[in-house]
Amino acid sequence: MNIFKFIVSIAVLSLLTGCAKQSTPMGGPRDETPPQLLESNPKDQSLSVKPEELVLSFDEYIKLENPTKGIVITPRIETDKVEFTALKNQVKVKLNQDLEENTTYVFDFQNSVVDISEENPAENLKLVFSTGTTIDSLAVSGKVNFYYPKSNQAFKDVLIGLYPVGDTTDLFTGQPYYLGRVDTVGNFKINNVKNGDYQIFAWNDANGNLKADYKSEEWDFLKDTLFIQQNQEGIQFNLAGADQTAIKVTRSSAFGKNYDIILNRNPIWQQISTDSSQLNFFYTSLDKRIRIYPDRIPKDSIRFNLLLQDSVGNKIDTLIWGKFEGSERKPEALSISVNSGKSFYQDLEMKLTFNKPVKSINTDSLFVQYDSAGIIPIRPENLFFEDSAKRTQMIIKLVIPDSLPQTIFTLRAS
């Protein structure tokens, strides 16, 4: 396996890392063994049972961590009636309600049961039983993304909900019939689903009430009914804020030698064009702002046609007259980020992201170095921009000969 790394400047930046001396804590090694389930009543995969209480016994003393939020129960029951207790090595779940006929119930404890000493969570702790003669076995799976993810976007509060068609509740009025959580990268899977017709939703449940707040929480849904007669895979959600305000231009003005168009919300798609022969331009779109970079300052105002669409489907088609001005303002410095440290096998692909459009690249001084003297020149045919109208993301592709024994390759500009 080969590794690619990026040198930002001629100076070599070295990261010196030190390792603290490790020692065993007084009293012996730390207990890292999670609690083990010894038995449960009812037993996992039990049929034709209607328990009033669940009892789980472990091989050590345990406690519960936030069970009302951490334990996922499907299908829907009245969770405010459920009582969770932990005493010595037992967890008890008192239901205080009748269960539905011919229904498979899943109690997914996730990380809610931990040992007393080191709070190691019990792993893969799940209890499945049916009030009928069969266990429902269908599954629904997919992935959740955010339209505008933050740099530290977390998925810990993202939920997936299935509502039977004809249900009296929905995403905004009540918790779903089947509920699932996503993992740390947005993947989800809801198991033991009964065949039927459902509406499926995803939302970021920041306030923990198991339903979406349309004013403050991101959410998404599939418009079509989900007909579950077999496993459903590859379902995709893109969470976005529920603000239904139509996208619009709030103002526009010259910014140095460039021209800024300020919007009330971020577009997910944009197309900018002009029929003027006076101007060639590139543009960037970031933080509710479209910035137009001209190749020169035109004498007259330029008419731009803007086509924009936001995350909830609102579209506008409008005209903007832009007047470019000369300026003594110091140009914004060019900054570069790169996907360094990536592994590859034969075809080396590097992605460079710039903070503003790149007009041209001088490949005479651009090369990949693989030892103290060996280099691979980068030619124009090795370069391309992902979006020719923006020119802010450049891809470099090289085929590395199998004969090279080196495993680390460095992109350099001299």
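The values are calculated or read from the model by the stated rules, or taken from the named source; none is laboratory data. The model shown is predicted, which means the values in this text are computed figures rather than measured ones. Here the Cβ is made from the backbone with ideal geometry for all residues, glycine too, and neighbour counts use every protein chain on show.
Would you point out the residue of the range 293-330, among those that are surrounded by 12 or more Cβ atoms within 10 Å (Cβ to Cβ) and aromatic (F, W, Y), that is farthest from F237 (Cα to Cα)?
Per the criteria, the residue is F324.
Among the residues of the range 160-205, count how many are within 15 Å of the chain's Cα centre (by Cα) and closer than 13 Å to P75 by Cα.
1
Quick check on D224: is it over 26 Å from R265 (Cβ atoms), of a type in the set (D, E) and not assigned by TED's automatic domain parsing to the domain that holds L306?
yes
Search the range 60-90 for residues being aliphatic (A, V, I, L, M) and over 28 Å from A206 (Cβ atoms), and hand back the single one that is surrounded by the fewest Cβ atoms within 10 Å (Cβ to Cβ).
The selected residue is L87.
Looking at T173, T168, T133, can you tell me which residue is within 26 Å of K43 (Cβ to Cβ), at pLDDT 85 or above and surrounded by fewer than 15 Cβ atoms within 10 Å (Cβ to Cβ)?
Only one candidate qualifies: T133.
Got a sec? Which of Q271, Q236 is in contact with a Leu (Cβ under 8 Å, 6 or more places away or on another chain) and of a type outside the set (D, E)?
Among Q271, Q236, only Q271 is in contact with a Leu (Cβ under 8 Å, 6 or more places away or on another chain) and of a type outside the set (D, E).
Of the numbered conditions (1) surrounded by 16 or more Cβ atoms within 10 Å (Cβ to Cβ); (2) at pLDDT 90 or above; (3) farther than 28 Å from R329 by Cβ, L210 satisfies every one except a single condition; which is it?
With respect to (1) surrounded by 16 or more Cβ atoms within 10 Å (Cβ to Cβ); (2) at pLDDT 90 or above; (3) farther than 28 Å from R329 by Cβ, L210 is out only on (2).
Among the residues of the range 304-324, is there at least one that is closer than 22 Å to L352 by Cβ and of a type outside the set (S, T, Y)?
No: zero hits.
Checking the condition out of contact with any Cys (no Cβ under 9 Å at 6 or more places or on another chain), surrounded by fewer than 18 Cβ atoms within 10 Å (Cβ to Cβ), in a loop (DSSP other than H, G, I, E, B) and not assigned by TED's automatic domain parsing to the domain that holds Q199, which residue from Q278, Q271 passes?
The unique qualifying residue is Q278.
Report, by residue number, each residue of the range 256-266 that is modelled with pLDDT of 90 or more and crowded, with 18+ Cβ neighbours inside 10 Å.
N258, Y259, I261, L263
Find the residue count for the range 386-398, including only residues that are at pLDDT 85 or above and either hydroxyl-bearing (S, T, Y) or surrounded by fewer than 18 Cβ atoms within 10 Å (Cβ to Cβ) (or both).
Total meeting the criteria: 4.
Taking only the range 29-64 into account, find how many residues are outside any loop (DSSP other than H, G, I, E, B) and not aromatic (F, W, Y).
Within the range 29-64, residues that are outside any loop (DSSP other than H, G, I, E, B) and not aromatic (F, W, Y) number 14.
Tally the residues that are of a type in the set (K, R) and more than 27 Å from the chain's Cα centre (by Cα), restricting the search to the range 259-290.
Going through the range 259-290 one residue at a time, the tally reaches 0.
Please verify whether E100 is free of Cβ contacts under 8 Å to residues at least 24 places away in the same chain and either in contact with a helix residue (DSSP H, G or I) (Cβ under 9 Å, 6 or more places away or on another chain) or over 18 Å from L37 (Cβ atoms) (or both), treating the condition exactly as stated.
no
Suppose the filter is in contact with a Gly (Cβ under 7 Å, 6 or more places away or on another chain), within 12 Å of I160 (Cα to Cα) and not small (G, A, S); does F221 pass it?
For F221, the condition - in contact with a Gly (Cβ under 7 Å, 6 or more places away or on another chain), within 12 Å of I160 (Cα to Cα) and not small (G, A, S) - is not met.
What is the one condition in (1) in contact with a Lys or Arg (Cβ under 9 Å, 6 or more places away or on another chain); (2) surrounded by 15 or more Cβ atoms within 10 Å (Cβ to Cβ); (3) farther than 24 Å from R265 by Cα that L162 does not satisfy?
For L162, the failing item is (1).
Filter the range 136-156 down to the residues that are surrounded by fewer than 19 Cβ atoms within 10 Å (Cβ to Cβ), closer than 19 Å to L179 by Cα and either more than 12 Å from the chain's Cα centre (by Cα) or touching a residue at least 60 places away in the same chain (Cβ under 8 Å) (or both) and list them by number.
S137, L138, A139, S141, K143, N145
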